[in-house]
Each structure stands twice: as structure tokens, then as C-alpha cells.
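Worksheet: the structure to be examined is printed underneath.
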Amino acid sequence: MLKQRIITALILLPIALCGFFLLQGFGFALFIGLVVTLGAWEWARLAGFEAQPARVAYAVLVALLLFGLYVFPDIAPWVLGAAVLWWGVATWLVLSFPESAERWSATSTKLVIGLLILLPAWQGLVLIKAMPLGNWLIMAVMVLVWGADIGAYFSGRKFGKRKLAPKVSPGKSWEGVYGGLLLSLIITAVVGLVRGWSVSEIVAALFGAAMIVLVSVVGDLTESMFKRQSGIKDSSNLLPGHGGVLDRIDSLTAAVPLFAVLLWIAGS
């Protein structure tokens, strides 16, 4: 399994890096759209569609909606606003699971939720890419999420006692969240000091980083909640040793839209 994971990572990492940092404009939007469309195909299964025609149809619908968002960029604020509202609701759904399942267990509801997860993630990345220092900003949100994951893993293994959401993901602990948050804040502070930010800028960046990390945890737990309700371990087997696309981007689907909104507010 470890060998398989390493081989898959070595193949995908150069592709991902080239797609994120070398492509521009429509090419970048198309690349991210492909990833999101594959995620939509996986989400259709979580929503209850087992037959391939139905799953493909949902993926095609998402692809068409992404094209619509590209053609009509003025819709972007509404898409990101919907995402912020959704992740607030998702936090409550996760914390109240499994009782909350009765509110979203219908296939139609889960399909709509898939749109609220996938479309804003694409929209956020496209907007960030178009900003000054767009590549660095994309790297920043990824480093925050990856740092939180790494910190949570080691802190959880060493100190984890209090379960974060035992009915959703029994392996996660509050101590893991604190460790992941701490590492991400340290990374943010170091970057701020190296770049010569003022005290107020560093404080604002730390506050924003904390929000990004916390919502990324919700993104991870949300996919886990839907997989648990569906009785599915991995979203698919598209990535040998890693599960599916959604298993790799679940935290980012929550972090990216909020990051884009915070950058907007900050005037980037």
C-alpha cells in the first residue's frame, strides 16, 4: 500500500504543480474544472447514485455549471457567499450527526450540497489565480491546509485524548486540531516576519489563518460524514493508494472559498 501511495504521488505531483502554476486563464480554469468534475462524479455516488449513467450525468451538469460561471464571472460573489453560508451550516450538521442526517439524507438534497461544495472551490481558485501573486496565494492556502494536516497528525498521535467528532471520524481529536492550528499559525508568523509585515498585518494574517484551518477541518469532517452515512470508505479508487479525488481535496473545498473571500475583504 505504501509503495502504491508513493508511486501515485510521484506521478500526480508534477501534473498538479504544472497545472496550478504554469497554466493561465482558460487553461487553468479548465484544469481545475477537470478535477472538480471528477469530484462531482464521486459525489454522485455519495449522494446515492450507483449507476454510471447517473453519475456521469451529474458530472456533466457540474461541468456545464462551471462553464457558466466562467462565462458570467459577475456571479462569483454570490457563489462564494453561498459557500460561506454553507460551511457554517455544515459545521452544525457535523456536530449534530447522526441526528442531522434526517435533514440531508435525501438524494436530491445531497446533490445540491455537492454543488455548494464543488462550485465555490473552483470559483475561489480561479479568482485567486487572477490576483496579484496568485500562484503564491494558491501555495499559501495549500501550505496552511497541509501544515494543519501534518500538525494534527503528529499532535493527535502524541497527545490525542478528547475525540473531536467520534460519530463522524473517530480518529480525530481536539488535541490534533490544536496541534495543526499551532503549526499553521507558526508558519504564518514566520512568513510575516520574513516579509516584513507590520504587527497589525501579522495579527490579521494569524486571524485569517486560524479561520482557514478551522474551516478546513470542517471540510474534512463533512466528507467523512457523508461517507459514513453512505457506508463508503473512499470516494472512489481513481488514485491508487489514496482513494478518490474528494478524499484529497475535501479540506481545500472548504478552505479555498473562505480564503478568496478574506483576500477580497483585505483588498488583494
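Within region 161-219, the set of residues being farther than 24 Å from V84 by Cα and of a type in the set (F, W, Y) comprises W197 only. Scanning region 198-214 turns up no residue that is of a type in the set (S, T, N, Q) and buried (at least 16 other Cβ atoms within 10 Å of the Cβ). Against the conditions (1) under 17 Å from V218 (Cα atoms); (2) of a type in the set (S, T, Y); (3) touching a residue at least 60 places away in the same chain (Cβ under 8 Å), S100 satisfies every one except (3).
Conditions (1) of a type outside the set (K, R); (2) in a helix (DSSP H, G or I); (3) crowded, with 16+ Cβ neighbours inside 10 Å, marked per residue:
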position	(1), (2), (3)
G81	yes, yes, no
W92	yes, yes, no
E99	yes, no, no
L116	yes, yes, yes
L119	yes, yes, yes
I128	yes, yes, yes
M131	yes, no, no
W136	yes, yes, no
V141	yes, yes, yes
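For the structure I just gave you, tell me whether L164 is aliphatic (A, V, I, L, M), free of Cβ contacts under 8 Å to residues at least 60 places away in the same chain, closer than 29 Å to R45 by Cα and surrounded by 14 or more Cβ atoms within 10 Å (Cβ to Cβ). Yes: the conditions hold for L164.
Every listed requirement among (1) under 21 Å from the mean Cα position of the chain (by Cα); (2) farther than 19 Å from Q123 by Cβ; (3) at pLDDT 90 or above is met by K163 save one, (1).
In the set A40, A57, A63, only one residue is modelled with pLDDT of 95 or more and buried (at least 20 other Cβ atoms within 10 Å of the Cβ); that residue is A40. Answer with yes or no whether W86 is buried (at least 17 other Cβ atoms within 10 Å of the Cβ) and either closer than 20 Å to Q24 by Cα or among the β-branched types (V, I, T) (or both). It is false that W86 is buried (at least 17 other Cβ atoms within 10 Å of the Cβ) and either closer than 20 Å to Q24 by Cα or among the β-branched types (V, I, T) (or both).
Tell me whether region 169-186 contains one or more residues that are of a type in the set (K, R) and touching a strand residue (DSSP E or B) at 6+ places or on another chain (Cβ under 8 Å). Reasoning before the result, please.
At the first step, the residues of region 169-186 found to be of a type in the set (K, R) are 172.
This time we only want the ones that are touching a strand residue (DSSP E or B) at 6+ places or on another chain (Cβ under 8 Å), so: 172.
Yes, there is a match, as at least one residue in region 169-186 is of a type in the set (K, R) and touching a strand residue (DSSP E or B) at 6+ places or on another chain (Cβ under 8 Å).
The values are calculated or read from the model by the stated rules, or taken from the named source; none is laboratory data. Bear in mind that the values here come from a model prediction, so they are computed numbers and not experimental data. No Cβ is skipped: glycine too gets one built from the backbone with ideal geometry, and neighbour counts run over all protein chains shown.
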